[in-house]
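Notes follow once the structure below has been shown.
The values are calculated or read from the model by the stated rules, or taken from the named source; none is laboratory data. Note that this is a predicted model, so its numbers are computed, not measured. Every residue, glycine as well, gets a Cβ built from its backbone with ideal geometry; the counts of neighbours run over all protein chains shown. Heavy atoms of the whole protein, side chains included, go into the accessibility calculation; ligands, DNA and RNA do not. Shrake-Rupley method; radii C 1.70, N 1.55, O 1.52, S 1.80 Å.
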Amino acid sequence: MPMRILFLTHAPETPSTRYRILPYLPCLERDGSVVERVDIPAGLLARWRLFRRAAAFDLVILQKRLLSPWQLRILRRHAKVLIYDFDDPMPYAREGNSVVLSSIRVKRFRAVLGASDAVIANHPGMADL
């Protein structure tokens, strides 16, 4: 039985999706996996429906999103295996021309790391976040 993988990403033209996700989809499909990549929708109802669909997949890869606590709980409840992929220092936010540590983003980042079965980071330095 082929492995079913759901990628929850930003739009395909986003650099992180274009370089970190899209090149691997044909390889996974060639090796027999059934792959679906979905832009995470903006609407809450659409997100709720999408996260419930995670139960139909063997593996869910969440790319870079820091979900609200209730959204993360729904996704975690339905995902058999959840992997978090990020390539930016996620706990930081832009405020005007500066980058600052955001307490909300820190809390969400720690929550998604704790809820994930595995984490993929851009480089070893990201593991220190």
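Taking the chain as a Gaussian network of alpha-carbon nodes connected by springs under 10 Å, the highest mean-square fluctuation of the residues 45, 25, 82 belongs to 45. 3J(HN,Hα) along the stretch 15-29: x, 5, 6, 4, 9, 9, 10, 4, x, 8, 4, x, 5, 5, 5 Hz, from the Karplus curve 6.51 cos²θ - 1.76 cosθ + 1.60 with θ = phi - 60°, whole Hz, x for Gly and Pro. Take the Cα of residue 53, go 7 Å toward its beta carbon, and the backbone nitrogen atoms of the stretch 4-28 under 12 Å from that spot belong to 6-9.
Per residue, the chain exposes 58 Å² of accessible surface when a 1.4 Å probe is rolled over the protein heavy atoms with every protein chain present. Which percent of the accessible heavy-atom area of the chain goes to carbon and sulfur, probe 1.4 angstrom? Ligands and nucleic acids excluded, carbon and sulfur give 57 percent. Each of 96, 106, 72 was scored by the projection of its Cα onto the charge dipole of the chain, and the greatest displacement toward the positive side belongs to 72; charges sit on the C-beta of Lys, Arg, Asp and Glu. Among the listed options (1) 10.3; (2) 8.5; (3) 8.9, the one matching mean projected area of the Cα convex hull in nm² as calculated from these coordinates is (2). Taking amide H as placed 1.01 Å from N in the peptide plane, the amide H of residue 37 sits under 5 Å from that of 7, each at least 5 places away or on another chain.
Using the Cβ-Cβ distance between residue 37 and residue 97 with R0 = 22 Å, the FRET efficiency computed as 1/(1 + (r/R0)^6) comes to roughly 0.05. Charges were assigned to the Cβ only: +1 to each Lys and Arg, -1 to each Asp and Glu. The resulting dipole of the chain about its Cα centre is roughly 600 debye.
Other residues whose C-beta falls under 13 angstrom from the C-beta of residue 39 contribute a net charge of +3, scoring Lys and Arg +1 and Asp and Glu -1. Under 5 Å from the amide H of residue 4 lie the amide H atoms of 34, 58, 59, each residue being 5 or more positions distant or on a separate chain, with H modelled from the backbone and absent for Pro and chain starts.
Computed over the chain, relative contact order equals 23 percent, with contacts defined as Cα pairs under 8 Å that lie 6+ residues apart.
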